[in-house]
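Student: I'd like to ask some things about the structure below.
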Amino acid sequence: MTSTRTAHLSPWRSVLASQETITAGEERDDASRQLGCTPVENLKDRTPATVSGVLRSVVLRPRENVQTVEAELYDGSGSIDLVWLGRRRIVGIEPGRRVRVEGLVCDIRGRRTIYNPRYELRARPGE
């Protein structure tokens, strides 16, 4: 009987949940469907990883006289910073875009970061 009751309450949870909670769940589900991807919350420092998610922000930032493109990738479990050194712009790397990235995870000032990740642009919903 408890399984029926739990199943019956799940639609209410989605109605009462915040938009942020729903979005996080959708991102986690999408990222988990990507073969070989690791959730951001499970990434370890100094290990190679493949991560899939949506870009929340993208900025051009000078760093020690070197232009960089920096992006925040969110997969529903957490965020990771992506930094491409020596770039002013990367076509397709823009907020709201879904990407899959590969690279070496570093801990920079308490934030997970991948420098110069290999990336694959993924289709947006409806494309």
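Student: Taking amide H positions as placed 1.01 Å from N in the peptide plane, with prolines and chain starts having none, which residues 5 or more places from Ser57, or on another chain, fall under 5 Å of its amide H?
Tutor: Answer set, sorted by chain and number: Glu72.
Student: From the Cα trace of segment 55-118, what convex hull volume per residue do you get, rounded to a whole Å³?
Tutor: 84 Å³
Student: In whole Hz and in residue order, list the ³J(HN,Hα) couplings for segment 77-84 that follow from phi through the Karplus curve 6.51 cos²θ - 1.76 cosθ + 1.60, θ = phi - 60°; x for Gly and Pro.
Tutor: Running phi through 6.51 cos²θ - 1.76 cosθ + 1.60 with θ = phi - 60° gives 9, x, 10, 9, 8, 10, 10, 9 Hz.
Student: For segment 41-127, which whole-number percentage of the solvent-accessible area (1.4 Å probe, protein heavy atoms only) is attributable to carbon and sulfur atoms? Provide the component values of the computation, followed by the final result.
Tutor: Working: 2280 of 5100 Å².
For segment 41-127, the apolar C and S fraction of the accessible surface comes to 45 percent.
The values are calculated or read from the model by the stated rules, or taken from the named source; none is laboratory data. This structure is a prediction, so every number in the text was calculated from the model and none was measured. These area figures cover heavy atoms from the full protein model, side chains too; ligands, DNA and RNA do not enter into them. Shrake-Rupley method; radii C 1.70, N 1.55, O 1.52, S 1.80 Å.
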